[in-house]
Amino acid sequence: MKEAAEFIQTLLHAATNTHILHWQTKSYAEHTALGAFYTELPELVDKVAEAIMGKYDMTFTFKDSYYTPAATGKEELEALKAYVQDERRELPQDSEIQNEIDNIANLINSTLYLLRFP
């Protein structure tokens, strides 16, 4: 389940990155939207991770890596949206697991809405 571990790790890094971008923005609307995003994302990622580990009776091994934030919150979320859309195909296709990934995609989409139309 190397792909699942990388997916989980990337999403957790996205929470850290959006937290950093939350501090760097000069826009109150972006500050607020990113604040809600980085607060909600880890719990959703935890649900995906635990669903996979529970279903397949396994744990993850994580790489020693980190990706740096994009220049803006909108760029970070656009890249994350594309990443989730592409990489979810490589993850278990069980409906209950994909449902949890849908919740992450919904959070990304709703946050992008707030960033595009402050």
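For the stretch 45-53, state whether one or more residues are in contact (Cβ under 8 Å) with a residue 40 or more places away in the chain, open to solvent by 30 Å² or more (accessible area, probe 1.4 Å) and of a type in the set (Lys, Arg). The answer is yes, given that some residue of the stretch 45-53 is in contact (Cβ under 8 Å) with a residue 40 or more places away in the chain, open to solvent by 30 Å² or more (accessible area, probe 1.4 Å) and of a type in the set (Lys, Arg). Within the stretch 24-43, the residues that satisfy the criterion of being open to solvent by 30 Å² or more (accessible area, probe 1.4 Å) and either farther than 14 Å from Glu76 by Cα or aliphatic (A, V, I, L, M) (or both) are Lys26, Ser27, Tyr28, Ala29, Thr32, Ala36, Thr39, Glu40, Pro42, Glu43.
The single condition from (1) closer than 20 Å to Pro118 by Cβ; (2) open to solvent by 90 Å² or more (accessible area, probe 1.4 Å); (3) among the β-branched types (Val, Ile, Thr) that Ile20 fails is (2).
Scanning the stretch 82-116 for residues that are polar (S, T, N, Q) and touching an Asp or Glu at 6+ places or on another chain (Cβ under 6 Å) returns no hits. For the stretch 82-101, the set of residues classified as open to solvent by 60 Å² or more (accessible area, probe 1.4 Å) and of a type in the set (D, E, K, R) consists of Asp86, Glu87, Arg89, Glu90, Glu96, listed by residue number. One residue alone among Asp64, Asp57, Asp86 is over 18 Å from Leu112 (Cβ atoms), of a type outside the set (Val, Ile, Thr) and at pLDDT 95 or above, and that residue is Asp57. Output yes when any residue across the stretch 103-118 is open to solvent by 60 Å² or more (accessible area, probe 1.4 Å), modelled with pLDDT under 95 and in contact with a Phe, Trp or Tyr (Cβ under 9 Å, 6 or more places away or on another chain), and no when none is. Yes, that holds for at least one residue.
Test Glu78 against the criterion of being touching a Phe, Trp or Tyr at 6+ places or on another chain (Cβ under 6 Å) and open to solvent by 60 Å² or more (accessible area, probe 1.4 Å), and give yes or no.
no
The values are calculated or read from the model by the stated rules, or taken from the named source; none is laboratory data. None of the values given here were measured: they were computed from a predicted structure. Reconstructed Cβ throughout: ideal geometry from the backbone, glycine too, with neighbour counts over all protein chains shown. Side chains are part of the model used for accessible areas, which takes the heavy atoms of the whole protein and leaves out ligands, DNA and RNA. Shrake-Rupley method; radii C 1.70, N 1.55, O 1.52, S 1.80 Å.
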